[in-house]
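Take a look at the structure set out below.
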Amino acid sequence: MPAVRSFPELDREILAQLQRDGRQTITELAKRVRVSVSRGQRRLRDLERSGVISGYHATLTAPPSGWASRSRSSSTCATVTASSSPHSTKGSWPSPR
């Protein structure tokens, strides 16, 4: 069973910022969460390696008029997704490796 720890406020802030703007640079992200670039990059890498962040995706809107579309759907939305381990308790996250 993986070690369980309380989810740090810094990690919550990083995830909130990524949900607002998933394309920001690590420099912008670090500035917004008030940490050094190296610390921000390390926390982001840990979130990715531990599986809390499983990927980055684009939000698509309806294609401009004149573009052929194979789908009838007018929009698709995907955001940074955070998920807990099935072994963790509510409000806790697996420790980064």
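The values are calculated or read from the model by the stated rules, or taken from the named source; none is laboratory data. Predicted model only: the values in this text are computed from it and were never measured. With ideal geometry, Cβ positions are generated from the backbone for all residues, glycine too; neighbour counts draw on all protein chains shown.
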* Structure fact -> Within the stretch 13-54, restricting to residues that are modelled with pLDDT of 95 or more and among the basic types (K, R), the one that is surrounded by the most Cβ atoms within 10 Å (Cβ to Cβ) is R43
* Within the stretch 18-60, which residues are of a type in the set (A, V, I, L, M, F, W, C) and touching a residue at least 12 places away in the same chain (Cβ under 8 Å)? -> L18, I26, L29, V33, V35, L44, L47, V52, I53, A58, L60
* Would you check if there is a residue in the stretch 55-73 being outside any loop (DSSP other than H, G, I, E, B) and either modelled with pLDDT of 90 or more or under 19 Å from F7 (Cβ atoms) (or both)? => no
